[in-house]
Amino acid sequence: MASPTNFLLHTFVWLALATTAFSLSPKFYDQVCPQALLAIKKIVHAAVHRERRMGASLLRLHFHDCFVNGCDGSLLLDSTATIDSEKNARANVNSTRGFEVIDQIKAEVDKICGRPVVSCADILAVAARDSVVALGGPSWKVRLGRRDSTTASKNLANSVLPSPFMDLPALINNFKNQGLNQRDLVALSGGHTIGLAQCFTFRNRTYNATNIDPAFAKERRATCPRDGGNTNLAPLDPTPARFDTSYFKNLVKKRGLLISDQALFNGGSTDDLVKTYSFNPEVFWNDFSKSMIKMGNIKPLTGKQGQIRVDCRKVNW
């Protein structure tokens, strides 16, 4: 009979091996399909070249996927008799976009790899990184090895995705629930340095806020009337097609577009970090990269969990 000491040692070794086997790694596809990441990069860069806004859209897909039960590709699933698609959640409906680019990537990668070995969840993570790089932002080593979920939840998406109307305490709590701290909150919010927002998301701030630059409010009202025009678009910062620090410089000037943007610089605990990012791009880039890696590690399916979908829009049967 094994001694308690030997039993504990064997248990520790087994756990260590299990952790190693099922943890995410930047080298996950090096042996099974070394061409996969280059294929993703080419398609993302071509898509962003055609439409600069697509970079922000692909980054947002990864974010909205990870916040709903982890980074598992659940956002990509269409509605069926048994699946209420997350695409129909309040924060996603008529808003999330870029699904056709993901479809294109999946088809090309499976063709190059000879079979479905790259998960849709991993494609989202890599496409987000490549989009940031395509718009002049930092790069990072994406940890890979996620598998795809077989379920989705519109109700969960409605309850956990952050709202553009949240104040700072609500934002801090929302990110904390995902294992992300205040530094992650501010860094990841910096993703709003690219992209556009619809009128209905910033109308209330434009007409009713007191912590807003009057000239900026007037400028935004020109494209967002009190009534109608809900889908009219405005840039989240002055350079929506370039990944830079303009977003944070805007916050310091009280020119944040969304209530949740300006909440980061409104006399609260995140003010100092916003200031730091506004004049120090290297600090922002470094923190953004770290936080993207951290976010990408939210409850991934690994090992034999989930599946590798053949079609990102539907479950394998």
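Leaving out ligands and nucleic acids, and using a 1.4 Å probe, what accessible area per residue does the chain come to in Å²? Show your work: numbers first, answer last.
Working: 15220 Å² over 317 residues.
Computed with neighbouring chains in place, this is 48 Å² per residue.
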Just to make sure I understand: if all protein chains stay in place, what is the order of Glu100, Glu51 by accessible area at 1.4 Å, largest first? Glu100, Glu51
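Of all the accessible heavy-atom surface of the chain, with the other protein chains kept in place and a 1.4 Å probe, what percent is carbon and sulfur?
Carbon and sulfur together cover 56 percent of it.
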In Å, what Kirkwood hydrodynamic radius results for the chain from the alpha-carbon pair distances? 20.5
Expressed as an acute angle from 0 to 90° and rounded to the nearest 10, what is the orientation of the C-alpha long axis of helix 199-208 relative to the principal long axis of the chain? 40
Rounded tilt (10° steps) of 36-50 against the dominant C-alpha axis of the chain: 20
Provide the net charge surrounding Asp184, with neighbours chosen by a C-beta distance below 14 Å and charges set as Lys +1, Arg +1, Asp -1, Glu -1. +3
Residue-count net charge about Glu219 - beta-carbon cut-off 10 Å; Lys, Arg +1, Asp, Glu -1: +3
Would you mind putting 58-69, 180-191, 264-275 in packing order, based on average other-beta-carbon counts within 10 Å, highest first? 58-69, 180-191, 264-275
Degrees between helix 53-66 axis and first principal axis of the chain (Cα, 0 to 90, nearest 10): 60
Local charge sum around Pro26 (other residues, Cβ-Cβ under 12 Å, Lys/Arg +1, Asp/Glu -1)? +2
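Given the DSSP H assignment, sum -39500 (n - 2.57) over each helix run of at least 4 residues in the chain and divide by its residue total; what's the result at 222 nm in deg cm²/dmol, nearest 500?
-15000 deg cm²/dmol
The values are calculated or read from the model by the stated rules, or taken from the named source; none is laboratory data. Only a predicted model underlies this, so the values are computations on that prediction, with no experimental measurement involved. Cβ coordinates were reconstructed from backbone atoms using ideal geometry, including for glycine residues, and neighbour counts include every protein chain displayed. These accessible areas exclude ligands, DNA and RNA; they are computed on the full protein's heavy atoms, side chains included. Shrake-Rupley method; radii C 1.70, N 1.55, O 1.52, S 1.80 Å.
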